[in-house]
Amino acid sequence: MPSPFDFTDRRVLVTGGSRGLGRAMALGFARAGADVAIASRKLDACERVAAEIRAMGRLARAVACNVSRWQELDALVEAVYSPDLGLGGLDVLVNNAGMSPLYDSLESVTEELFDKVIAVNLKGPFRLSALVGRRMVESGGGVILNVSSIAAVQPAPDAAPYGAAKAGLESLTRSLAFALGPTVRVNCIEAGPFFTDVSRHWNLEAFADRAEHDIALRRGGEPEEIVGAALYLASEGASFTTGAVLRVDGGSR
């Protein structure tokens with residue numbers, strides 16, 4: 001009997017897949033046997049991850065896409081579903097692309113910044129899930145995995161639009177689970193503090209103090225530590241799990 005965590009020949013799209021958690025998940029799915037499409041704004045960065053995946057003997061496609069723009073999402077889906085240029089279909093969609101710009105004060109938040117944060121973290125996943133979800137239903141099944149943040153439930157004063165967008169993404173996860181069920185499962189990872197490119201801007205001394213008191217594991221996570229949760233939620237091992245939000249945060253409070 002095959003392992004429920006065997007992704008051999010399954011087709012996965014990871015947005016924001018060129019770095020950080022997205023890159024870790026793209027490589028993780030490939031190691032489990034999947035063919036992977038990587039999407040982000042910078043094609044050269046996607047191509048580098050695709051090359052790593054091809055070195056594992058799996059098919060990989062790189063696609064430039066700004067997930068905040070609906071027309072680019074239409075083009076992304078067409079590219080990934082192309083049997084010649086893409087993967088020929090999708091079994092798993094990972095909505096990972098996100099952004100969390102900081103600001104000096106609430107009054108300094110511009111309409112442009114607010115709209116951009118909502119567009120990348122919420123509008124894009126909605127549109128992409130709608131497009132891919134319909135195709136998954138028509139083809140008989142699939143999995144959508146959204147990547148949220150503990151900011152959805154522990155909003156920070158210097159990232160209010162981001163926390164609101166991620167809270168919306170978690171609500172969207174449950175809505176999509178009903179809208180696309182029973183054929184398509186939709187789940188969400190609520191990620192805690194991970195040492196990705198974003199962490200370069202942290203005050204590491206302040207973070208270490210916070211971790212000592214407010215994180216059960218007393219540390220931040222490494223990107224590879226998100227992979228197990230992603231594989232589980234996307235696998236047949238989670239066949240009775242949908243509309244769920246799984247916290248992967250080291251025990252943050």
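The values are calculated or read from the model by the stated rules, or taken from the named source; none is laboratory data. Every value quoted in this text rests on a predicted model; they were computed, and no experiment measured them. Note that each Cβ is placed from the backbone with ideal geometry, even for glycine, and that neighbours are counted across all protein chains shown. We work out accessible area using only protein heavy atoms, side chains counted, and drop any ligands, DNA or RNA first. Shrake-Rupley method; radii C 1.70, N 1.55, O 1.52, S 1.80 Å.
When residues in region 112-153 are screened for being in contact with a helix residue (DSSP H, G or I) (Cβ under 9 Å, 6 or more places away or on another chain) and outside any helix (DSSP H, G or I), 9 of them pass.
Would you check which residues across region 59-88 are surrounded by fewer than 21 Cβ atoms within 10 Å (Cβ to Cβ), part of a loop (DSSP other than H, G, I, E, B) and at negative phi and list them? The answer is LEU59, ASN66, ARG69, SER82, PRO83, ASP84, LEU85. Only one of GLY220, GLY250, GLY243 is within 27 Å of ARG127 (Cα to Cα) and of a type in the set (Gly, Ala, Ser). Can you tell me which? The conditions single out GLY243.
So which residues in region 91-136 are under 23 Å from GLY228 (Cβ atoms) and among the aliphatic types (A, V, I, L, M), if there are any at all? Passing the criteria: VAL92, LEU93, VAL94, ALA97. Residues that are assigned to a loop (DSSP other than H, G, I, E, B) and either of a type outside the set (S, T, N, Q) or surrounded by 15 or more Cβ atoms within 10 Å (Cβ to Cβ) (or both) within region 191-208 comprise GLY192, PRO193, PHE195, THR196, TRP202, listed in sequence order. Tell me which residues, restricted to region 179-190, are under 18 Å from LEU122 (Cα atoms) and assigned to a strand (DSSP E or B). Within region 179-190, VAL186, ASN187, CYS188, ILE189, GLU190 qualify. In the condition set (1) farther than 18 Å from LEU172 by Cα; (2) open to solvent by less than 50 Å² (accessible area, probe 1.4 Å), ASN95 is compliant with all but (1).
Just wondering, is there one or more residues in region 171-178 that are without any contact (Cβ under 8 Å) to a residue 60 or more places away in the chain, assigned to a helix (DSSP H, G or I) and within 28 Å of VAL109 (Cα to Cα)? Yes, region 171-178 contains a residue that is without any contact (Cβ under 8 Å) to a residue 60 or more places away in the chain, assigned to a helix (DSSP H, G or I) and within 28 Å of VAL109 (Cα to Cα).
State all residues of region 209-231 that are over 13 Å from ALA191 (Cα atoms) and surrounded by fewer than 17 Cβ atoms within 10 Å (Cβ to Cβ); if no residue qualifies, say none. Within region 209-231, ASP209, ARG210, GLU212, HIS213, ASP214, ALA216, LEU217, ARG218, ARG219 qualify.
I'd like the full set of residues that are over 30 Å from VAL80 (Cα atoms) and either part of a loop (DSSP other than H, G, I, E, B) or among the charged types (D, E, K, R) (or both), limited to region 91-111. Matches in region 91-111: LEU102, TYR103, ASP104, SER105, GLU107, VAL109, THR110, GLU111. Where residues in region 154-170 are out of contact with any strand residue (DSSP E or B) (no Cβ under 6 Å at 6 or more places or on another chain) and in a helix (DSSP H, G or I), which of them is nearest to ASN121 (Cα to Cα)? In this case the residue turns out to be ALA165.
For region 120-146, which positions are open to solvent by less than 10 Å² (accessible area, probe 1.4 Å) and among the hydrophobic types (A, V, I, L, M, F, W, C)?
Within region 120-146, LEU128, VAL132, MET136, VAL143, ILE144, LEU145 meet the criteria.
With the structure loaded, tell me whether GLY243 is open to solvent by less than 60 Å² (accessible area, probe 1.4 Å), at pLDDT 95 or above and either in a loop (DSSP other than H, G, I, E, B) or aromatic (Phe, Trp, Tyr) (or both) or whether it fails that test.
When the stated conditions are applied, GLY243 passes them.
Taking the criterion of being open to solvent by 50 Å² or more (accessible area, probe 1.4 Å), over 17 Å from VAL92 (Cα atoms) and either in a helix (DSSP H, G or I) or hydroxyl-bearing (Ser, Thr, Tyr) (or both), the residues of region 25-50 that qualify are LEU43, ASP44, GLU47, ARG48.
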